[in-house]
Amino acid sequence: MSHHITLKKIELVTHNVLRLVTDKPQGYSFTPGQATELAINREGFKTKKRPFTFTSLPDDQELEFTIKMYPSHNGVTDELGTLKVGDELIIGDAWGAINYKGPGTFIAGGAGITPFIAILKDLERKDSLQQNTLLFSNKKEKDIIYKANLESWLGQDVFFVLSEEQKDNYTNGHIDKAYLADKNIDISKYVYLCGPPPMMEAVTADLYALGLPKSHLITED
Ligand SMILES: Cc1cc2nc3c(=O)[nH]c(=O)nc-3n(C[C@H](O)[C@H](O)[C@H](O)COP(=O)(O)OP(=O)(O)OC[C@H]3O[C@@H](n4cnc5c(N)ncnc54)[C@H](O)[C@@H]3O)c2cc1C
């Protein structure tokens, strides 16, 4: 079923990531970590649906999306950057397999943090963040989405990795097997993984090599 929603706020949260806030259709429901197909209600874009994750929570009065723009694609995310308050979007129902099953390690790359923003925000509101760790990989410091929120929620249990920048207080490189072993991933708990396809492939192989059972790996697949 499709729903028309109206943009109430649009702002940049990093140099290339937008925060969009819209009204919420009556009775619309989802679980933290889920996504929906979103299109822009403009000529030429109405049928161009792309998946985006809710970064608001189910009980919030509004819907929020956190979206990285790719100007080089000349696609939907580029067009989203031209929207103004009052413009309309079209969304479908919520779907998606990522949901919180219990404490563990969250591993994200870039905009792959969005399902974990919803899940961690939900845990924070329920005062249930204990025993969760986040490993978050980005190219540069300026690319890190909601860094201050993540630090305030997770304190010592959030670790940032930069692949294209050397900086104090950050690990330089990629999240690889050595890094995962160094972080002492507890494979008896859950691992939640979301990032670009090459990262998903590499980190999944590393996690299995470290002994993580398939049933403990939570991804969108
Ligand atoms: C379940 C799920 C949830 C998601 N949630 C979020 C979220 O919350 N936030 C977020 O930011 N992203 C999220 N994504 C990713 C998001 O869906 C994509 O970034 C988005 O679809 C890109 O749309 P686009 O139209 O801008 O570009 P695309 O649809 O990727 O590309 C448009 C066109 O550009 C060309 N193109 C494609 N790749 C390249 C390239 N590398 N270089 C040049 N041209 C290219 C192709 O011709 C393509 O048809 C999610 C993805 C999934 C699967």
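The values are calculated or read from the model by the stated rules, or taken from the named source; none is laboratory data. Please read all numbers here as calculations on a predicted model, not as lab measurements. As a convention, Cβ positions derive from the backbone with ideal geometry for all residues, glycine included, and neighbour counts pool all protein chains shown. Remember, those area values only see protein heavy atoms, side chains included, never the ligands or the DNA or RNA. Shrake-Rupley method; radii C 1.70, N 1.55, O 1.52, S 1.80 Å.
Among beta bridges identified by DSSP and lying wholly in the chain, the antiparallel ones come to about 60 percent. Can you spot the aspartates and glutamates whose alpha carbon is less than 13 Å from LYS24's alpha carbon? Ignore those fewer than 8 places along the same chain. Result set, ordered by chain and number: ASP59, ASP60, GLU62, GLU64, GLU88, ASP93.
Shape class of the chain from the Cα gyration tensor (axes a ≥ b ≥ c, square roots of the eigenvalues): prolate, since a/c reaches 1.5 or more and a/b is larger than b/c. Projecting the Cα positions of TYR28, ILE67, SER56 onto the charge dipole of the stretch 19-107 (unit charges on Cβ atoms of Lys, Arg, Asp and Glu, taken about the Cα centre) puts ILE67 furthest along the positive direction. The listed residues LEU217, LEU7, once ranked by accessible area (1.4 Å probe) with the largest placed first, stand as LEU217, LEU7. Calculated mean residue ellipticity at 222 nm for the chain: -5500 deg cm²/dmol, from DSSP H runs with n ≥ 4 weighted as -39500 (n - 2.57), summed, divided by the residue count and rounded to 500.
Scaling against 2.2 N^0.38 Å puts the C-alpha radius of gyration of the stretch 145-216 at 1.17. What is the total of Lys pairs in the stretch 92-150 with C-alpha atoms under 25 Å apart, excluding same-chain pairs fewer than 8 positions apart? Lysine pairs meeting both conditions in the stretch 92-150 amount to 9. What the Cβ-Cβ distance of SER128 and LYS214 gives, at R0 = 25 Å and to the nearest 0.05, is a FRET efficiency of 0.50.
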